[in-house]
2 protein chains.
Amino acid sequence: MKKIAVDAMGGDNAPQAIVEGVNQALADFSDIEIQLYGDEAKIKTYLKANDRVSIIHTDEKINSDDEPVKAIRKKKQASMVLGAQAVKDGKADAVLSAGNTGALLAAGLLVVGRIKNIDRPGLMSSLPTIDGKGFNMLDLGANAENTAHHLHQYAILGSFYAKNVRGVAHPRIGLLNNGTETTKGDPLRKETFALLAADETLNFIGNVEARDLMNSVADVVVTDGFTGNAVLKSIEGTALGIMEQLKTSIKQAGLRAKLGALLLKNSLYDLKDSLDYSGAGGAVLFGLKAPVVKCHGSSDAKSVYYTIKQIRIMLETDVVGQLVEEFSNRGD
Amino acid sequence: MKKIAVDAMGGDNAPQAIVEGVNQALADFSDIEIQLYGDEAKIKTYLKANDRVSIIHTDEKINSDDEPVKAIRKKKQASMVLGAQAVKDGKADAVLSAGNTGALLAAGLLVVGRIKNIDRPGLMSSLPTIDGKGFNMLDLGANAENTAHHLHQYAILGSFYAKNVRGVAHPRIGLLNNGTETTKGDPLRKETFALLAADETLNFIGNVEARDLMNSVADVVVTDGFTGNAVLKSIEGTALGIMEQLKTSIKQAGLRAKLGALLLKNSLYDLKDSLDYSGAGGAVLFGLKAPVVKCHGSSDAKSVYYTIKQIRIMLETDVVGQLVEEFSNRGD
């Protein structure tokens, strides 16, 4: 039985969206057990399942504007902290939250703890590509600064994830750079390139450019947390901006365009879905001793469901256990 | 009379698109004189104007895959190099090319030369926002590495440009960062934040996130060349990817969707136009002694026309002369 601790109080739509996602996951997956941390009365309003699910009541929760490290240290009874603590104590195998990202990172680092020999866990998401296959990218902002050594570790982490969770046989690892030529980049990129090229366990395909990310140029893209954060937010901002601009343009146009939009509705929904990409689950704080996974703050029940599904595969394949083994051999 | 040197041989559609853009610009602006550098016979095939235009014939040109610095040093008679040389010799006031970006950067630095006290000229573009006003961002990749001092200089450059060329009275300067709080970022961001906040000549509004760029969060956004390059390419890649995905989705859908797309055609063109944003002109290699402006390699006649229009305003307002004055007072 895979035991998943769920912070029922994190995110804009908590606890309803969280609990509804849990309901669906419990119905679909018979090998999981869910621990819901949060306000018992509120959780019960939405909880349908009563098998393989328990509620651990707490009044405390971390708010979206709490200062992360301080919140983790002071709010010992917060739903998110209790979930992380359950993992540390061996009562749960993984923890999920849609709450304050910084606080979840802090809880992951301070409570769950790093895999031995991993210096700086990174935040990794699955992002959409035009062909629908998607790619993994890290670090998306767990760190403001990284060394080449960290980026090398991200390549290993991402490779294990793509292989185990996404079923990619030989994940192609790309280094995000300002050009594809091997000599490109600042000292961090050049040093990372050398480390990745020298590691024969990796299927390193060289430098990739941000322009080609949606074209499935690599299965795993590694970068430092500052750049990764900027790239992720650029992609999000552009996608949202375009959808909004299209909406405005249709509204301002006449009846003809409105009729057109109506006829095109399914195609536009397809587009929105493929950009949404919540089917791939949440963002993994990767490099910790157990899966610590973040759902988007605005997650609906579907996103929560898919994130539980993702965690289930991470536990099923024991990708974290494999990484513990891998890094114990690699040393620091 | 404003004298503009034009590399007639650079870009995918040269010389036709270049010369056709020149034709239109000469017809619209009576205060410009164009010098066309390149293959005289080919240029003449497309050139309509014969007043205020001259052709300086050369057989040599820089290719898109030439190694930039080497090309500039070896191909002394290349159309791009002759154009830059004309600026250096005082025969032209500015130079435009749609050719090899790296080579144009090298020609700008090595032939035209930097403004005194400016350390690292940056590449600056005008990028689209949802409200149509746009914003300027630099450095978009002229440098692989930058210091806080460089970023401070970019803020001054961008501010002068927005004020003079775009008519923004008090340009809002934003620092691209991984969060909006004042304490965010790596050491480079923190140091830059302090420099910008201390400069009372700037309307510094603090940190901005890549997610908000299309929402007109600032008039000028400064960042290092590596991050700027990644953000620019992410925006381009996402916009292209979405348009392609929409096309695919419409194609795969039935007659209904195709009819819808037909009715929506104008709205979709509007969207494409607003993302294209070529009306704002080309990318300026900013911080040089004269305007050195890069059109996109795939530029059509319209883009070339708008870039000439942009250069004309840069010369009319003497924004570069103002910057020479400004930086002579600031020292290094």
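The values are calculated or read from the model by the stated rules, or taken from the named source; none is laboratory data. Bear in mind that the values here come from a model prediction, so they are computed numbers and not experimental data. Neighbour counts are summed over all protein chains in view; Cβ atoms, including those assigned to glycine, are modelled from backbone coordinates with ideal geometry.
Data overview
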item: Close pairs from the range B:251-277: first more than 7 Å from chain A (Cβ to nearest Cβ), partner exposed (fewer than 14 other Cβ atoms within 10 Å of the Cβ) and at pLDDT below 80, Cβ under 9 Å, at least 6 apart; result: B:258/B:251
item: Residue match in the range B:89-97 (condition: under 25 Å from residue B:233 (Cβ atoms) and among the acidic types (Asp, Glu)); result: no
item: Residue in the range A:254-272 that is under 28 Å from residue A:103 (Cα atoms) and not hydrophobic (A, V, I, L, M, F, W, C) present; result: no
item: Within the range B:185-206, tally of residues that are surrounded by fewer than 19 Cβ atoms within 10 Å (Cβ to Cβ), of a type outside the set (Gly, Ala, Ser) and free of Cβ contacts under 8 Å to residues at least 24 places away in the same chain; result: 4
item: Answer residue from the range A:70-83, given it is among the aliphatic types (A, V, I, L, M) and closer than 18 Å to residue A:40 by Cα and is surrounded by the fewest Cβ atoms within 10 Å (Cβ to Cβ) among those; result: A:82
item: Number of positions in the range A:225-250 that are more than 7 Å from every other protein chain (Cβ to nearest Cβ) and under 30 Å from residue A:148 (Cα atoms); result: 3
item: Selected residue (criterion: nearest to residue A:67 (Cα to Cα)) from residues of the range B:185-194 that are within 12 Å of chain A (Cβ to nearest Cβ) and under 25 Å from the mean Cα position of the chain (by Cα); result: B:189
item: Residue within the range A:26-33 that is surrounded by fewer than 19 Cβ atoms within 10 Å (Cβ to Cβ), on the phi < 0 side of the Ramachandran plot and out of contact with any helix residue (DSSP H, G or I) (no Cβ under 9 Å at 6 or more places or on another chain) present; result: yes
item: Of the criteria (1) without any contact (Cβ under 8 Å) to a residue 24 or more places away in the chain; (2) closer than 25 Å to residue B:307 by Cβ, which one residue B:157 fails; result: (1)
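Residues checked against (1) within 23 Å of residue A:316 (Cβ to Cβ); (2) over 17 Å from the mean Cα position of the chain (by Cα); (3) not assigned by the TED database to the domain that holds residue A:318:
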{"residue": "A:124", "(1), (2), (3)": "yes, no, yes"}
{"residue": "A:131", "(1), (2), (3)": "no, yes, yes"}
{"residue": "A:140", "(1), (2), (3)": "no, no, yes"}
{"residue": "A:147", "(1), (2), (3)": "no, yes, yes"}
{"residue": "A:178", "(1), (2), (3)": "no, yes, yes"}
{"residue": "A:183", "(1), (2), (3)": "no, yes, yes"}
{"residue": "A:208", "(1), (2), (3)": "no, yes, yes"}
{"residue": "A:217", "(1), (2), (3)": "no, yes, yes"}
